[in-house]
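These notes concern the structure reproduced below.
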């Protein structure tokens, strides 16, 4: 999904999506719920106060665990 498509679905300017991606803007609770709804993911999956591990790191850890 492009920034513009997401912006259209959540009712904001496409530049706002860019600000969110770059963490230059914190969404209102209402906007966070709209994004969550459009992406069909829990809010805490999309927005978190602590950094999330990169997916590659998670996959690598699981592979190492399976080998052990």
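Some notes on this structure:
- Residues considered: 42, 27, 54. Largest GNM mean-square fluctuation over the chain, using C-alpha springs under 10 Å, is found at 54.
- Choice from 29, 20, 55 showing the highest fluctuation, given a GNM over the chain with Cα pairs closer than 10 Å: 55
- Computed [θ] at 222 nm, deg cm²/dmol, the chain (DSSP H ≥ 4; -39,500 (n - 2.57); rounded to nearest 500): -18000 deg cm²/dmol
- Axis angle, to the nearest 10 degrees, between helix 55-67 and the longest C-alpha principal axis of the chain: 20 degrees.
- The angle separating the long axis of helix 29-39 from the principal Cα axis of greatest extent in the chain is about 60 degrees.
- One quarter of the convex hull surface built on the alpha carbon atoms of the chain amounts to 5.6 nm², the projected area averaged over directions.
Computed from the coordinates by the stated procedures, all read-outs in this text should not be read as laboratory data. Because the structure is a prediction, the values reported are computed rather than measured.
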